[in-house]
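The values are calculated or read from the model by the stated rules, or taken from the named source; none is laboratory data. Since the structure is predicted, the reported quantities are computational estimates derived from the model, not experimental observations. Using ideal geometry, Cβ is built from the backbone for each residue, glycine included, and neighbour counts are taken over all protein chains shown.
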Amino acid sequence: MKPLDLGEEPDDGSGPLADVLNRICARFGLDYAAYAGVNTVDDSMHGVVNYPDEWKAHYVEHGYQMIDPTLLAASRSVGVVDWNRLRDFDSFQKVFRDAAEFGIPTTGLTIPVRGPFGDKGMFSVVSSRPDEEWQRLRSEILVAIQTEATLLHDRVMREGRSMKIMLQPNLSEREREILQWIAAGKSQFDVGVILSISTRTVEVHLRSAREKLGALTTPQAVARAIGMRLIYPI
């Protein structure tokens, strides 16, 4: 996975997402909450958390998203991941040994969320309650927390930069290059000469670009690519 971006997604008018996490914690009697989303197009991660700033900086600096078992287990699961099941993992001990120094509890849940576009999210909640008390609270809030996880993921996808990225066609470098030359007024033959490829190969890339952009013609594909800032007008 690429480095974790803990910058907040744009707000939709009902308060920054970190404030949403704070309200969820207050409502359910939790210490902290965190959301991490994975963009399946470029494998980047973004997150919103209400952890202390010092722990956030430490976590990102050490690249713990690469080994954090609460995230890795949830990314492969369709069910709720209880952190108690992860305590014997060396990676859990490594991450949460450091976390304890920042006052982060080792008890929590991570709830995986899947979206209709192949998007993935993981919502974690953390509690410092004793085990028996936590198990009671877990049973009481589990269904509601799963609902909150889905609503939060859908909001991030709807309002944030993630959906824009995922809905943006994933043109190859060659497809962009060819469209850019076409936008400059070059013919397919000219583009083939410039790039030292056959005219047939140029057409293959153009056909692929048209399909990805949902365009019927090459001029439409060029216009849409310019509109999406995938290439630049000349």
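Within region 180-203, residues that are under 25 Å from Met228 (Cα atoms) have Cβ atoms under 6 Å from residues that are part of a loop (DSSP other than H, G, I, E, B) in these pairs: Gln180/Ile231; Ala183/Ile231; Ala183/Ile234; Ala184/Ile234; Gly192/Ser198, counting only partners at least 6 apart in sequence or on another chain.
Mind checking whether some residue in region 37-50 is among the hydroxyl-bearing types (Ser, Thr, Tyr) and either at pLDDT 85 or above or within 26 Å of Arg136 (Cα to Cα) (or both)? No: region 37-50 contains no residue that is among the hydroxyl-bearing types (Ser, Thr, Tyr) and either at pLDDT 85 or above or within 26 Å of Arg136 (Cα to Cα) (or both).
Within region 11-32, track down each residue that is at pLDDT below 85, surrounded by 12 or more Cβ atoms within 10 Å (Cβ to Cβ) and out of contact with any helix residue (DSSP H, G or I) (no Cβ under 6 Å at 6 or more places or on another chain). Even if it seems obvious, please write down each step before you answer.
Our first condition is that a residue be at pLDDT below 85; within region 11-32, this holds for 11-16.
Restricting the remaining residues to those that are surrounded by 12 or more Cβ atoms within 10 Å (Cβ to Cβ) gives 11-12, 16.
Answer for region 11-32, where residues must be at pLDDT below 85, surrounded by 12 or more Cβ atoms within 10 Å (Cβ to Cβ) and out of contact with any helix residue (DSSP H, G or I) (no Cβ under 6 Å at 6 or more places or on another chain): Asp11, Pro16.
Residue count for region 92-137 under the criterion of being in contact with a Leu (Cβ under 8 Å, 6 or more places away or on another chain) and surrounded by fewer than 21 Cβ atoms within 10 Å (Cβ to Cβ): the result is 3.
The test for being within 15 Å of the chain's Cα centre (by Cα), free of Cβ contacts under 8 Å to residues at least 60 places away in the same chain and under 19 Å from Glu148 (Cα atoms) does not hold for Leu109.
Among residues belonging to region 188-197 that are more than 15 Å from Ala221 (Cβ to Cβ) and of a type outside the set (A, V, I, L, M), point out the one that is surrounded by the most Cβ atoms within 10 Å (Cβ to Cβ). Walk me through it before giving the result.
Step one: list which residues in region 188-197 are more than 15 Å from Ala221 (Cβ to Cβ), which gives 189-190, 192-197.
From the residues that got through so far, the ones that are of a type outside the set (A, V, I, L, M) too are 189-190, 192, 196.
Details: Phe189: 11, Asp190: 15, Gly192: 19, Ser196: 7.
If we take residues in region 188-197 being more than 15 Å from Ala221 (Cβ to Cβ) and of a type outside the set (A, V, I, L, M), then Gly192 is surrounded by the most Cβ atoms within 10 Å (Cβ to Cβ).
Considering only residues in region 184-234 that are polar (S, T, N, Q) and in a helix (DSSP H, G or I), the one that is nearest to Asn170 (Cα to Cα) turns out to be Ser208. The combined condition, being out of contact with any Phe, Trp or Tyr (no Cβ under 7 Å at 6 or more places or on another chain), assigned by TED's automatic domain parsing to the domain that holds Thr110 and surrounded by 15 or more Cβ atoms within 10 Å (Cβ to Cβ), is fulfilled by Met45.
For region 74-83, give me each residue that is part of a helix (DSSP H, G or I) and crowded, with 20+ Cβ neighbours inside 10 Å. Lay out the reasoning, then the answer.
Our first condition is that a residue be part of a helix (DSSP H, G or I); within region 74-83, this holds for 74-75, 83.
Scanning region 74-83 gives Ala74, Trp83.
Among the candidates Phe123, Phe96, the residue that is part of a helix (DSSP H, G or I) and closer than 21 Å to His46 by Cα is uniquely Phe96.
On inspection, Pro105 does not qualify as of a type outside the set (Gly, Ala, Ser), modelled with pLDDT under 95 and not in a helix (DSSP H, G or I). If you check every pair at least six apart or on different chains, which have Cβ atoms under 7 Å apart with a residue in region 25-37 that is part of a loop (DSSP other than H, G, I, E, B) first and a residue that is among the polar types (S, T, N, Q) second? Qualifying pairs under 7 Å: Leu30/Ser127; Asp31/Ser127; Asp31/Ser128.
How many residues are closer than 25 Å to Arg129 by Cβ and in a helix (DSSP H, G or I) if we restrict to region 54-71? Quick ask: steps written out before the conclusion?
In the first step, residues of region 54-71 are kept if they are closer than 25 Å to Arg129 by Cβ; the result is 54-56, 58-59, 64, 68-71.
Adding the requirement that they be in a helix (DSSP H, G or I) leaves 54-56, 58-59, 64, 69-71.
Total meeting the criteria: 9.
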